[in-house]
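J.: Sending over a structure as structure tokens; questions will come in a sec.
The values are calculated or read from the model by the stated rules, or taken from the named source; none is laboratory data. All of these numbers come straight from a predicted model, not from anything done at the bench. Every residue, glycine among them, receives a Cβ derived from its backbone with ideal geometry; neighbour counts consider all protein chains shown.
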Amino acid sequence: SKKVTAPELLKMKEAGIKISALTAYDYTMAKIIDSAGIDVIIVGDSASNTMIGNLTTLSITLDQMVNYAKAVVNGTSRALVIVDMPFGTVSGNPYKSMEAAIRMMQETGADAIKVEGGIEVADDVKKILNAGIPVMAHLGLMPQSINKYGTYNVRGKEDAEAKKLIEDCLRMEDLGVFGLLLEKIPATLASEISSKVKIPTIGIGAGSGTDGQVLVIQDVMGMNNDFSPRFLRRYADLHSIMTMATQNYIADVKAANFPNEDECY
Ligand code: KIV
Ligand code: NA
């Protein structure tokens with residue numbers, strides 16, 4: 001079926017059709033979820049955690065993100081592919097930010113990029129948009145700023161933080177971003193923002209009032225049982241399935257039951 005575009009997400013919001021999104025970091029996973037009909041695939045810098053095992057997203061580099069994004073693009077034919085700009089690549093030097101964003105688009109074939117931040121990165125985002133690159137702004141909990149906040153707790157619970165978040169969202173919409181990613185904020189606040197802006201919002205831990213939902217693929221598939229936040233719903237238990245498959249394989253190899261005659265040349 002037809003490729004999903006950034007303008008189409010806006011049409012989905014206007015029509016009241018919810019946007020489905022998942023993360024992916026490799027060709028095989030991307031191919032499975034794209035074929036299953038997902039609207040948006042986000043190549044998140046959560047790859048730092050899920051693919052590399054780092055404690056935070058700060059450690060992943062532009063080179064590494066380019067590699068994951070390229071793999072996902074190769075496995076995708078319908079979904080809109082949005083790639084995270086990693087820590088330090090969009091941070092107050094608009095020309096450098098634009099160069100990094102151009103490199104990401106050119107070397108991966110992704111459809112859009114995502115940038116954490118609001119007013120602080122406005123000049124960078126403007127420069128990137130001027131280069132013709134669609135940008136999604138990521139607000140609320142911003143994992144790249146973990147060292148500034150010290151926790152991954154819910155954001156925007158206090159009035160001052162909620163007010164700044166709303167201002168950031170409106171400012172980003174004015175600049176021309178095509179969408180907002182809202183992470184871990186109160187459901188009422190996310191609903192309010194989603195009705196205040198014309199552009200689509202995609203939420204994670206932000207309640208049901210956003211225009212779409214995203215979750216991390218390893219979490220959804222039940223591969224990562226150490227992580228159980230309230231907002232997560234698991235749709236499979238791949239941890240058990242893969243553990244059993246591995247144990248069965250080991251048993252067959254040890255018992256010399258694999259390969260059998262049919263599996264030999
Ligand atoms: O890195 C990530 O996985 C994200 C998700 C919230 C989409 O930014
Ligand atoms: Na991210």
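J.: In the range 70-128, how many are touching a residue at least 40 places away in the same chain (Cβ under 8 Å), crowded, with 20+ Cβ neighbours inside 10 Å and among the polar types (S, T, N, Q)?
T.: Within the range 70-128, residues that are touching a residue at least 40 places away in the same chain (Cβ under 8 Å), crowded, with 20+ Cβ neighbours inside 10 Å and among the polar types (S, T, N, Q) number 2.
J.: Would you say residue 193 is more than 16 Å from ligand 1 (Cβ to nearest atom), modelled with pLDDT of 95 or more and touching a strand residue (DSSP E or B) at 6+ places or on another chain (Cβ under 8 Å)?
T.: no
J.: Quick check on residue 37: is it modelled with pLDDT of 95 or more, under 17 Å from the mean Cα position of the chain (by Cα) and more than 16 Å from ligand 1 (Cβ to nearest atom)?
T.: It is true that residue 37 is modelled with pLDDT of 95 or more, under 17 Å from the mean Cα position of the chain (by Cα) and more than 16 Å from ligand 1 (Cβ to nearest atom).
J.: Can you pull out the residues in the range 8-22 that are over 18 Å from residue 217 (Cβ atoms), surrounded by 18 or more Cβ atoms within 10 Å (Cβ to Cβ) and within 18 Å of the chain's Cα centre (by Cα)?
T.: If the condition is that a residue be over 18 Å from residue 217 (Cβ atoms), surrounded by 18 or more Cβ atoms within 10 Å (Cβ to Cβ) and within 18 Å of the chain's Cα centre (by Cα), then 9 is the only one that fits.
J.: On to the next question. In this structure, does residue 219 turn out to be away from ligand 1 (no atom under 16 Å from the Cβ), assigned by TED's automatic domain parsing to the domain that holds residue 18 and more than 17 Å from residue 19 (Cβ to Cβ)?
T.: No, not satisfied.
J.: So for the range 34-45 (the condition being in contact with a Leu (Cβ under 6 Å, 6 or more places away or on another chain) and not charged (D, E, K, R)), does at least one residue qualify?
T.: Checking the range 34-45: at least one residue is in contact with a Leu (Cβ under 6 Å, 6 or more places away or on another chain) and not charged (D, E, K, R).
J.: Also, quick follow-up: Does residue 135 qualify as being touching a Ser or Thr at 6+ places or on another chain (Cβ under 8 Å), within 16 Å of ligand 2 (Cβ to nearest atom), in the same structural domain as residue 46 (by TED's automatic domain parsing) and of a type outside the set (Gly, Ala, Ser)?
T.: No, not satisfied.
J.: Contact list please: Cβ distance under 6 Å, first residue in the range 224-240 and surrounded by 12 or more Cβ atoms within 10 Å (Cβ to Cβ), second residue of a type outside the set (S, T, N, Q) and in a loop (DSSP other than H, G, I, E, B), pairs at least six apart or on different chains.
T.: Between residues of the range 224-240 that are surrounded by 12 or more Cβ atoms within 10 Å (Cβ to Cβ) and residues that are of a type outside the set (S, T, N, Q) and in a loop (DSSP other than H, G, I, E, B), the close pairs are 231/205; 234/222; 237/222; 238/221; 238/222; 238/223; 239/222; 239/223.
J.: Another one. Only one of (1) over 18 Å from residue 20 (Cβ atoms); (2) within 16 Å of ligand 2 (Cβ to nearest atom) fails for residue 182. Which number is that?
T.: Single failed check for residue 182: (1).
J.: Can you work out which of the residues in the range 156-168 that are of a type in the set (A, V, I, L, M) and free of Cβ contacts under 8 Å to residues at least 40 places away in the same chain is surrounded by the fewest Cβ atoms within 10 Å (Cβ to Cβ)?
T.: 160
J.: Please go through the range 28-71 and pick out each residue that is within 16 Å of ligand 2 (Cβ to nearest atom) and closer than 19 Å to residue 2 by Cβ.
T.: Across the range 28-71, the qualifying residues are 40, 41.
J.: Further question on the same structure: Of everything in the range 169-188, what is surrounded by fewer than 24 Cβ atoms within 10 Å (Cβ to Cβ) and not β-branched (Val, Ile, Thr)? Give them in sequence order.
T.: Within the range 169-188, 170, 171, 173, 174, 175, 176, 178, 183, 184, 186, 187 meet the criteria.
J.: Starting from the range 136-147, keep only residues that are on the phi > 0 side of the Ramachandran plot and more than 9 Å from ligand 1 (Cβ to nearest atom), then list their pairs with residues that are among the charged types (D, E, K, R) and part of a loop (DSSP other than H, G, I, E, B) whose Cβ atoms are within a distance under 9 Å, requiring at least 6 positions of separation or different chains.
T.: Filtered contacts from the range 136-147: 140/155; 140/184.
J.: In the range 143-190, what residues are under 21 Å from residue 59 (Cβ atoms) and assigned to a helix (DSSP H, G or I)?
T.: The answer is 143, 144, 145, 146, 147, 148, 149.
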